[in-house]
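Here the structure comes first, spelled out in structure tokens, and everything after it is commentary.
Nothing in this text is a laboratory measurement; each read-out follows from the coordinates by a stated rule. Quick caveat: nothing in here was measured; it's all calculated off a predicted structure. We place every Cβ from the backbone using ideal geometry, glycine too, and count neighbours over all the protein chains shown.
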Amino acid sequence: MISAGFHRTLLLAFTLALPALTFSAAAVEAREKPVQFMQRAANELVRASRSGSARDFGEVLAKYADKPSIGLYSLGSYAKSLRRKDRNSYFSGMIGFLARYAASQAPKYRVRSVRMVSQTRETRSGVYVDSVVTLTDGTSYDVRWWLIRRGGTYKVGDVSVLGFWGREQLKRLFEGYINDNGGNPKALIVALNR
């Protein structure tokens, strides 16, 4: 059984993220800063949240999420067991799962606005962008996005809400499911693609 706190943390992380989540990408203009990129991604996530559509969430996640880093990290100790030929099916299922979950929970957490406030210096491991997410009830959250440069664009590699990183939450969920189903990632892939 997954706790309500876990649901809320995962929802906030992936409703607003993934960005951050997981995530074909628009090219980053040479002068586009990570803050500008993330504001664009967040605006699309807010639109998806307002529509309440899993399809809309899925499109945004597929566009902006760094599927390989999120997906492989989330398999934890089972990542090495994932066959290369199963990766696309796994990534697609992961995005679908996150999109369906976000759409089912979005009505509980209506987002009024997302405003980027700062970014760190970009290093080889990426760049962090800090934002404030305000719900329609006036509640605000500080949200930190981890962006990874992929060729000429950025991708969202993770998101932190209330100090909880989304990939870590997903890893616990996915590793637990695989462990409970014979230790084979194929069981997870089948479940994610239902």
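What ranking, highest mean first, results for peptides 148-159, 85-96 when packing means the other Cβ atoms within 10 Å averaged over each residue? Intermediate results must be reported in sequence, preceding the final value.
Details: 148-159: 21.4, 85-96: 17.7.
The packing order, highest mean first, is 148-159, 85-96.
Which value in nm describes the separation of the simple spin-label points at GLU32 and ARG121, placed 7 Å from the Cα toward the beta carbon?
For the pair GLU32/ARG121, the computed spacing is 2.5 nm.
Based on the mean of other Cβ atoms within 10 Å per residue, sort peptides 138-146, 120-128 so the most packed one is first.
Numbers: 138-146: 17.2, 120-128: 13.2.
The densest-packed peptide leads the list: 138-146, 120-128.
Expressed as a whole percent, how much of the Cα-Cα distance distribution for the range 98-157 exceeds 17 Å?
Everything past 17 Å amounts to 53 percent.
Summing +1 for each Lys or Arg and -1 for each Asp or Glu, what net charge is found among the other residues whose Cβ lies under 12 Å from the Cβ of VAL46? It would help to have the intermediate numbers written out before the result.
Details: positive: ARG40, ARG47, ARG50, ARG110, ARG112, ARG115; negative: GLU44, ASP56.
Local net charge: +4.
Sketch the reach of a paramagnetic label on LYS80 as a point 7 Å from Cα along Cα-to-Cβ, and name the residues of the range 157-186 whose backbone nitrogen lies under 11 Å away.
The answer is none, because no backbone nitrogen lies closer than 11 Å to the label point.
Give me log10 I(q)/I(0) at q = 0.14, 0.20 Å⁻¹ for the range 41-194, Debye formula, one equal scatterer per alpha-carbon, no solvent.
With no solvent term, the Cα-only Debye profile gives -0.73, -1.36.
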